[in-house]
Amino acid sequence: MPISRQQARAERGTREDRRSELIDCAISIISQNGLSGTTLAKVAAQAGLSAGIVNHHFETKDALLLETLRVLSEEFETALETAVAGAAHPAAGLAAVITLSFDPAVSSPAKVAVWYAFQAETHWRESYTALCGERDKAYMAAIKSLMEPLAAELGAADAEILARSFAG
C-alpha cells in the first residue's frame, strides 16, 4: 500500500532536522576536504540525498558553508556561556573554558578543522569576521573578565595580556 505524502514527509523528518543533518555532513566533508574541496554533491552523497535536495535547503555552496559556520559559532557561544556561568571563582571559570575546549560536543577534530578552514582561507576571512567577529570579542571579554580578579589577587601583569595569552 503506497504511503501518503504526509507520511513520507514525516519519515524524512522536519525541514530543520534535514538542515541539521546537512550541516553535520558539511562539517565532515569540510574537515576532510577543506572549504574549496567541499561541494554540494559531496555533502548530498554523505547525507544519502540528491544534490537537488541540498539546493532546496541551501541555494548555494556558500550559503551552506556560512550556515555551518554560524551553527558552530552559536553552539560554542552557548556552551561557553553555560560553562562560565556555573563557575564559583574566576579560576574555576578558566578551568571550565579549558574543559570546554576539549569537549568533543563543541571541539571534535572535525569541528576544529572547520574553524581552521575558515580562518585559513583568505577568501573566507571577511565572511568569518562578519559572522563571528562579535562572538570572538565576547569570548575574549569573558576570558578577560575572569583574568581581572585573578590578576589583582595575585598582583600579576595586565589582565588583557593574560587573557590574550590564555586564549592563544
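Odds and ends about this structure:
- Treating r as the C-beta distance of Thr82 and Ala51 and R0 as 45 Å, the FRET efficiency rounds to 0.75.
- Membrane-span-like helices in the chain (whole DSSP H runs, Cα extent of at least 30 Å along the helix axis, mean Kyte-Doolittle hydropathy of at least -1.0): 61-85, 122-154.
- Summary value for the chain: 20 percent relative contact order, contacts being C-alpha pairs under 8 angstrom separated by 6+ residues.
- Per residue, in Å², the accessible surface of the chain once ligands and nucleic acids are set aside, probe 1.4 Å: 58
- Solvent-accessible surface (1.4 Å probe) assigned to Thr99 amounts to roughly 90 Å².
- Whole-Å distance, taken between Cα centres, linking the stretch 134-168 and the stretch 35-64: 40
- In Å², nearest 10: area of Asp24 left accessible to a 1.4 Å probe: 100
- Highest GNM mean-square fluctuation among Gly93, Gly37, Gly155, for the chain modelled with Cα contacts below 10 Å: Gly155.
- Accessible surface of the stretch 65-107, 1.4 Å probe, proportion on carbon and sulfur as whole %: 65
- Sequence of Thr122, Thr60, Thr38 when ordered by accessible area, the most exposed leading, probe 1.4 angstrom: Thr122, Thr60, Thr38
- Based on DSSP H segments of at least four residues, each scored -39500 (n - 2.57), the chain has a per-residue ellipticity at 222 nm of -26000 deg cm²/dmol.
The values are calculated or read from the model by the stated rules, or taken from the named source; none is laboratory data. The model shown is predicted, which means the values in this text are computed figures rather than measured ones. Positions of Cβ are backbone-derived with ideal geometry, glycine not excepted, and every protein chain shown enters the neighbour counts. Side chains are part of the model used for accessible areas, which takes the heavy atoms of the whole protein and leaves out ligands, DNA and RNA. Shrake-Rupley method; radii C 1.70, N 1.55, O 1.52, S 1.80 Å.
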